[in-house]
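Undergrad: The structure follows.
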């Protein structure tokens with residue numbers, strides 16, 4: 001019905017066979033039901049929306065909560081939400097009638113993309129030690145979304161394909 | 001999806017859920033259902049807990065924290081919300097395992113007793129009940145239950161598959177839905193219709209047989 005393909009560190013492409021599936025309304029529904037209605041709710045709960053290689057269902061805790069997040073936000077859950085700017089760029093975007101992307105938009109400020117990648121894949125210090133642990137919120141190549149997200153996507157496609165084929 | 005048993009010990013607070021309800025299914029289908037439903041229930045439970053709501057039908061929202069505990073949690077965690085997350089260990093220990101007839105879901109590890117404290121499955125807890133595991137006689141919320149039914153239907157239809165010959169001689173809408181109900185299990189026509197459109201191969205078969213007009 002659809003495939004999740006990844007060729008970017010901060011965006012996943014959702015692709016289907018049938019032409020004309022992805023229109024403005026479909027992207028709007030993808031944003032409200034999948035991105036806002038599932039992916040961001042999972043992230044807020046400290047749950048990775050990605051079925052990643054590492055296999056961690058929940059985001060790893062802060063190494064030194066006194067230093068970070070300090071008094072800027074609650075220490076738990078680990079929600080990738082400090083100012084909310086980074087996640088505000090997590091969007092569904094139409095590419096063509098058969099493709100759309102889920103993730104950080106290409107028009108996001110460079111520092112948002114850098115921060116997104118740092119959180120998504122993690123960073124290491126000069127000494128080679130882990131600095132920021134990976135907290136996957138966008139799939140990497142070979143990965144896909146968790147079942148709660150996939151179910152929402154699947155149901156959305158089923159409704160859309162029914163509408164398209166039934167109107168013929 | 002019925003709760004058929006529960007375990008409360010120092011290392012485990014869990015409930016057993018029957019996912020197959022006596023249905024004879026190939027092992028491959030059973031394994032996929034266990035994996036998909038188990039992960040789905042754990043994820044939905046964690047999201048509901050964070051939103052201070054029970055995933056269990058009829059349990060509603062979680063009661064606010066007591067004044068004293070809220071003060072302590074605010075000081076130590078920076079949040080005074082009744083989301084059952086202090087250091088996160090209990091939620092990290094929420095998991096599921098396959099059983100003969102379905103799965104068991106619960107908290108496995110050092111916070112098992114704390115989980116019973118919140119759920120009161122033992123009937124011995126003095127804490128306000130904030131239930132995130134259904135007790136015997138309870139079910140998950142309707143929206144969660146409905147999606148589990150869809151996961152089961154999809155696993156059966158995708159793993160077992162359809163053939164053109166399954167629909168041989170179908171000339172009426174009723175005949176078509178009778179066959180679909182046999183394959184997917186008892187469902188409303190609206191749910192059966194969506195189950196069809198979630199299965200690409202089936203859509204192709206029905207299109208070839210010119211039967212899509214019945215939807």
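The values are calculated or read from the model by the stated rules, or taken from the named source; none is laboratory data. Just so you know, these numbers come straight off a predicted model, no measurement behind them. Neighbour counts are summed over all protein chains in view; Cβ atoms, including those assigned to glycine, are modelled from backbone coordinates with ideal geometry.
Undergrad: Given (1) on the phi > 0 side of the Ramachandran plot; (2) within 14 Å of chain B (Cβ to nearest Cβ), where does residue A:63 come up short, assuming only one miss?
TA: (1)
Undergrad: When you go through B:16, B:75, B:104 one by one, which is the residue that is within 14 Å of chain A (Cβ to nearest Cβ) and not in a loop (DSSP other than H, G, I, E, B)?
TA: The match here is B:75.
Undergrad: Among the numbered criteria (1) within 20 Å of the chain's Cα centre (by Cα); (2) at pLDDT 95 or above; (3) within 14 Å of chain B (Cβ to nearest Cβ), which one does residue A:111 miss?
TA: (3)
Undergrad: I've got another one for you. Restricting the search to the stretch A:10-25, which residues are farther than 20 Å from residue A:144 by Cβ, touching a helix residue (DSSP H, G or I) at 6+ places or on another chain (Cβ under 7 Å) and modelled with pLDDT of 95 or more?
TA: Hits for the stretch A:10-25: nothing passes.
Undergrad: I've got another one for you. Is it true that residue B:177 is modelled with pLDDT under 95, surrounded by 13 or more Cβ atoms within 10 Å (Cβ to Cβ) and not assigned by TED's automatic domain parsing to the domain that holds residue B:44?
TA: Considered against the rule, which asks whether it is modelled with pLDDT under 95, surrounded by 13 or more Cβ atoms within 10 Å (Cβ to Cβ) and not assigned by TED's automatic domain parsing to the domain that holds residue B:44, residue B:177 comes out as no.
Undergrad: Just one of B:188, B:125 is exposed (fewer than 13 other Cβ atoms within 10 Å of the Cβ) and on the phi < 0 side of the Ramachandran plot; which is it?
TA: B:188
Undergrad: Right, next: Taking helices (runs of 4 or more DSSP H) that do not extend beyond the stretch B:111-193, which have at least 1 residues that are within 14 Å of chain A (Cβ to nearest Cβ) and in contact with a strand residue (DSSP E or B) (Cβ under 8 Å, 6 or more places away or on another chain)?
TA: Answer list for the stretch B:111-193: B:142-160.
To keep it simple, each residue is scored yes or no on (1) modelled with pLDDT of 95 or more; (2) crowded, with 18+ Cβ neighbours inside 10 Å; (3) under 24 Å from residue A:152 (Cβ atoms).
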| residue | (1), (2), (3) |
| --- | --- |
| B:25 | no, no, no |
| B:34 | yes, yes, yes |
| B:42 | yes, yes, yes |
| B:50 | yes, yes, yes |
| B:70 | yes, no, no |
| B:83 | yes, yes, yes |
| B:90 | yes, yes, no |
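Undergrad: If you don't mind, there's one more thing I want to ask. Could you grab me the full set of residues in the stretch B:19-33 that are within 12 Å of chain A (Cβ to nearest Cβ) and touching a strand residue (DSSP E or B) at 6+ places or on another chain (Cβ under 7 Å)?
TA: Answer for the stretch B:19-33, where residues must be within 12 Å of chain A (Cβ to nearest Cβ) and touching a strand residue (DSSP E or B) at 6+ places or on another chain (Cβ under 7 Å): there is none.
Undergrad: When the stretch B:43-68 is examined, which residues are found to be more than 10 Å from every other protein chain (Cβ to nearest Cβ) and assigned to a helix (DSSP H, G or I)?
TA: Within the stretch B:43-68, B:67, B:68 qualify.
Undergrad: Continuing with the same structure: Name the residues in the stretch B:88-98 that are touching a helix residue (DSSP H, G or I) at 6+ places or on another chain (Cβ under 8 Å), more than 7 Å from every other protein chain (Cβ to nearest Cβ) and not in a strand (DSSP E or B), would you?
TA: The answer is B:90, B:93.
Undergrad: For residue A:86, indicate whether it is touching a helix residue (DSSP H, G or I) at 6+ places or on another chain (Cβ under 6 Å), away from chain B (no Cβ under 14 Å) and more than 19 Å from residue B:40 (Cβ to Cβ).
TA: Yes; evaluated as a whole, the condition is true for this residue.
Undergrad: Count, please, the residues in the stretch A:122-145 that happen to be farther than 20 Å from residue A:86 by Cβ and within 14 Å of chain B (Cβ to nearest Cβ).
TA: Adding up the residues that qualify gives 1.
Undergrad: Quickly run through the stretch A:16-44 and pick out the residues that are away from chain B (no Cβ under 13 Å) and not in a helix (DSSP H, G or I).
TA: Matches in the stretch A:16-44: A:19, A:20, A:22, A:23.
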